[in-house]
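Reviewing the structure listed below.
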Amino acid sequence: MANKSLSNIVVLISGSGSNLQSIINNADNIGVKIKCVISNKADALGLQRAKNAGIQTRIITPKNPTKRKEFEKELAENINKFHPKLIILAGFMWILSSEFVEKFEGKILNIHPALLPKFKGLNTHQRAIDAGERVAGASVHFVSSEVDSGAIIMQKKVLIATDDTAQTLAKKILAQEHILYPLAIKKVLQNL
Ligand code: GRF
């Protein structure tokens, strides 16, 4: 039976969807209903996770690199159909235009595998190791028009061991992301 106290969210993915899985597993605890999972990659494993949980899925792919605007228009139209309180980016590999971000200002959250403002962008684990950092982690932040630069909502630290590789560190951080993301979503919803 539908529970009126749940907040509708839409989750955007591109790949494995392990963070999506964690949100699915914690949905009741944090008071959300995942109305739809949208992927920009047809082969994203996360689509199967959504289907297994009985969640609607959509695949929306840019027709070609020059059709960026059309892609984001279609994305926005599909998101709007579900009237979500929040749009959750969970491994969504697409840099949203400032036009799109402004349309949903304060409603888009992202998880990034680094202690922002350090190590924005890609290859965060290797870059943290190369920089001689002793502590890494993950951040959940609001999405702004500048990549990985919106207000930080919550972070979780992970110690870097001397024998950590990018792969072992990524695995440790991902395990913490799965704890962090549901908590951060709950925090934002409580403050809306
Ligand atoms: C995570 O490391 C997340 O921080 C980054 O992309 C990865 C997605 O992993 N933005 P998954 O698809 O949730 O397993």
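The values are calculated or read from the model by the stated rules, or taken from the named source; none is laboratory data. Given the structure is predicted, the values throughout are model-derived calculations rather than measurements. Virtual Cβ from ideal backbone geometry, glycine too; neighbours counted across all protein chains shown. To get the accessible areas, we keep the full protein, side chains included, count just its heavy atoms, and leave off ligands, DNA and RNA. Shrake-Rupley method; radii C 1.70, N 1.55, O 1.52, S 1.80 Å.
What is the diffusion coefficient of the chain in µm²/s, taking the Kirkwood radius over Cα pairs and the Stokes-Einstein relation at 4 °C with a viscosity of 1.567 mPa s?
Values: Rh = 17.0 Å.
D = 76 µm²/s.
Expressed as a whole percentage, what fraction of the accessible surface of the chain belongs to carbon and sulfur atoms when a 1.4 Å probe is rolled over the protein heavy atoms?
Values: 5290 of 10110 Å².
Carbon plus sulfur share of accessible area: 52 percent.
For the range 120-134, what does the Karplus curve 6.51 cos²θ - 1.76 cosθ + 1.60, with θ = phi - 60°, yield as ³J(HN,Hα) per residue in whole Hz, taken in order and with x for Gly and Pro?
Using θ = phi - 60°, the values come out as 6, x, 9, 6, 4, 5, 5, 5, 5, 5, 4, 7, x, 5, 9 Hz.
Treat each spin label as a single point 7 Å out from the Cα along the C-beta direction, and report the N29 to V135 distance in nm.
2.4 nm
From Cα pairs below 8 angstrom and at least 6 apart in sequence, can you work out the relative contact order of the chain, rounded to a whole percent?
Working: 351 pairs, mean separation 38.7, N = 192.
That works out to 20 percent.
Starting at the first residue of the range 70-78, write each ³J(HN,Hα) from the Karplus equation 6.51 cos²θ - 1.76 cosθ + 1.60 with θ = phi - 60°, in whole Hz, x for Gly and Pro.
4, 4, 5, 5, 5, 4, 4, 4, 5
Compute the distance in nm between two label points, each set 7 Å from the Cα along the Cα-to-Cβ direction, one at K81 and one at I179.
Result for the modelled spin labels: 3.8 nm.
List the residues, sorted by chain then number, that are 5 or more residues from L12 or on another chain and whose placed amide H is less than 5 Å from its amide H.
Those lying under 5 Å, H to H, from L12 are I38, I88, L89, A90.
Which residues make up the longest stretch of the chain that has no GluC sites (Glu not before Pro) in a DSSP loop with at most 15 other Cβ atoms within 10 Å? Kindly include the intermediate steps, with their values, before the conclusion.
Values: sites that count: E105, E146.
Answer - 1-104.
How much accessible area per residue does the chain have, counting only protein heavy atoms and a probe of 1.4 Å, in square angstrom? Provide the component values of the computation, followed by the final result.
Values: 10110 Å² over 192 residues.
Accessible surface, normalised per residue, equals 53 Å².
Subtracting the Cα-Cα distance from 0.36 nm times the residue separation, let me have the gained length for F104 to I152 in nm, one decimal. Can you show the working numbers first?
Details: separation 48, 0.36 × 48 = 17.28 nm, distance 1.69 nm.
Extra length available between F104 and I152 comes to 15.6 nm.
Check the straight Cα-Cα distances from K103 and name the aspartates and glutamates below 19 Å, setting aside those fewer than 8 residues away within the same chain.
E70, E72, E74, E77, E146, D148
What nm distance separates the two modelled labels at S145 and Q56, each placed 7 Å from Cα along Cα→Cβ?
Going by the 7 Å Cα→Cβ label model, 3.1 nm.
Grab the Cα-Cα distance for W94 and L45, subtract it from 0.36 nm times how many residues apart they are, and report the gain in nm with one decimal.
On the way: separation 49, 0.36 × 49 = 17.64 nm, distance 1.68 nm.
In short, 16.0 nm is gained.
Estimate the FRET efficiency between T162 and N123 by the formula 1/(1 + (r/R0)^6), using the beta-carbon distance for r and 22 Å for R0, to the nearest 0.05.
Values: r = 20 Å, r/R0 = 0.90.
Rounded to the nearest 0.05, the efficiency is 0.65.
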